[in-house]
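Notes follow once the structure below has been shown.
The values are calculated or read from the model by the stated rules, or taken from the named source; none is laboratory data. Nothing here was measured: the structure is a model prediction, and the numbers come from that model. Glycine gets a Cβ as well: all are built from the backbone with ideal geometry, and neighbour counts include every protein chain shown. What goes into the accessible areas is simple: the full protein's heavy atoms, side chains included, and nothing from ligands, DNA or RNA. Shrake-Rupley method; radii C 1.70, N 1.55, O 1.52, S 1.80 Å.
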Amino acid sequence: MLRDSFGRVATDLRVSLTDKCNLRCTYCMPPEGLDWLPNPQLLTAEEIVRLVTIGVERLGVTEVRYTGGEPLLRRELVDIVARTTALEPKPQVSLTTNGIGLARLAESLAGAGLDRVNVSLDTLDADTFKRLAHRDRHADVIAGLAAAAAAGLAPVKVNTVLMRGVNDQEAGPLLRWCLDQGYELRFIEQMPLDAQHGWSREDMVTADEILGLLSDSFDLAPDDQEDRGSAPAERFLVDGGPARVGVIGSVTRPFCGACDRVRLTADGQVRNCLFATEESDLKTAMRAGASDDELAERWVAAVARKRAGHGIDDPSFLQPARPMSAIGG
Ligand code: SAM
Ligand code: SF4
């Protein structure tokens with residue numbers, strides 16, 4: 001098992017399939033993009049499936065989420081998903097995507113056994129989208145969401161990051177729209193993970209503020225959180241339910257004490273936390289001929305070193321050297 005020194009057990013593996021992206025969301029990367037990892041440094045599909053198999057078969061991983069960068073840019077995605085859902089015991093397999101290309105791929109992904117999808121959407125307005133993501137692709141995202149629902153990848157979840165003065169006035173309309181479409185919306189507090197180091201606490205729209213904005217138009221009641229477990233979203237019943245909205249207060253309401261996540265970057269580094277400043281290099285070991293047992297041992301040791309929390313509020317907090325797009329959000 002992947003147990004840390006505080007007794008937490010990591011069962012939820014987030015795998016970044018690529019650091020590349022076709023959007024440039026301001027809270028994530030600069031408009032000119034980043035220096036992408038050279039292809040030889042990326043894990044091959046074979047290597048990804050080998051490591052995921054070790055995680056599932058030997059180390060107790062029960063959930064696998066593919067992310068990035070933009071995972072739909074990875075040509076072997078459907079094959080990787082199919083090989084993951086064929087593992088025994090079968091893990092829950094999900095995808096976090098910006099939705100561009102999902103209209104074309106949703107059916108095949110569902111056919112490969114994908115269980116769920118989270119699509120990021122920060123605005124209902126095509127012009128705001130263009131300003132925020134530096135690409136004119138709003139319609140593709142909307143079409144991707146519809147295709148995911150039509151393919152039965154339910155419940156389709158929508159991730160939204162609010163930014164002060166940019167899209168915070170859309171909190172209510174976004175929730176109304178998601179309710180109408182049958183999507184489950186989750187707001188995520190903006191975290192200090194952008195490549196430009198532009199995050200500031202004052203600019204962050206906090207979970208309290210988000211709930212305040214929503215309360216203007218909706219009646220929110222805390223959902224029975226018995227099944228919350230390690231889920232980062234605090235969920236609220238909207239207007240008596242059954243529809244819900246989630247708020248992920250990563251910064252102001254940290255959930256590190258219940259964290260069950262571990263990450264694998266696109267270049268084969270295990271990270272025991274989104275905010276970790278250390279990584280454990282499985283790729284080099286694997287390419288040097290390490291056995292599955294040896295790789296599992298390294299992985300166990302990396303998780304054992306996990307710190308108690310991310311410490312964003314601590315004066316000694318250091319933003320990780322790699323941005324979210326390279327770590328896998
Ligand atoms: N490209 C895919 C997407 O956008 O869904 C997957 C990768 S992206 C890094 C994963 C999630 O992280 C998205 O929902 C995105 O909105 C969120 N994200 C990116 N940068 C963030 C930040 N600085 N703070 C909070 N969430 C962030
Ligand atoms: Fe790309 Fe996702 Fe980052 Fe936006 S949040 S730039 S879609 S990786």
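Key figures
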item: 10 Å Cβ shell holding at most 12 others, DSSP loop, GluC sites (Glu not before Pro): longest site-free stretch of the chain; result: 33-201
item: Bridge type composition, the chain - antiparallel percent by DSSP, nearest 5; result: 30 percent
item: Exceeding the 25 Å Cα-Cα cut-off - candidates 157/306; 157/283; 20/157; result: 157/306; 157/283
item: Net length gained if the chain between residue 107 and residue 239 were fully extended (0.36 nm per residue, minus Cα distance); result: 44.2 nm
item: Sulfur and carbon atoms: percent of accessible area, the chain [1.4 Å]; result: 51 percent
item: Most fluctuating residue given options 75, 244, 137, as computed from a GNM of the chain linking Cα atoms under 10 Å; result: 75
item: Value of [θ]222 nm, deg cm²/dmol, for the chain, DSSP H segments ≥ 4, -39500 (n - 2.57) each, nearest 500; result: -8500 deg cm²/dmol
item: Placed amide H near residue 164: partners under 5 Å, 5+ positions off or other chain; result: 205
item: Under 16 Å from the Cα of residue 90 - aspartates and glutamates, other chains or at least 8 residues apart; result: 12, 57, 63, 79, 115
item: Taking the convex hull of Cα positions in the chain, its mean projected area over all directions (nm²); result: 15.7 nm²
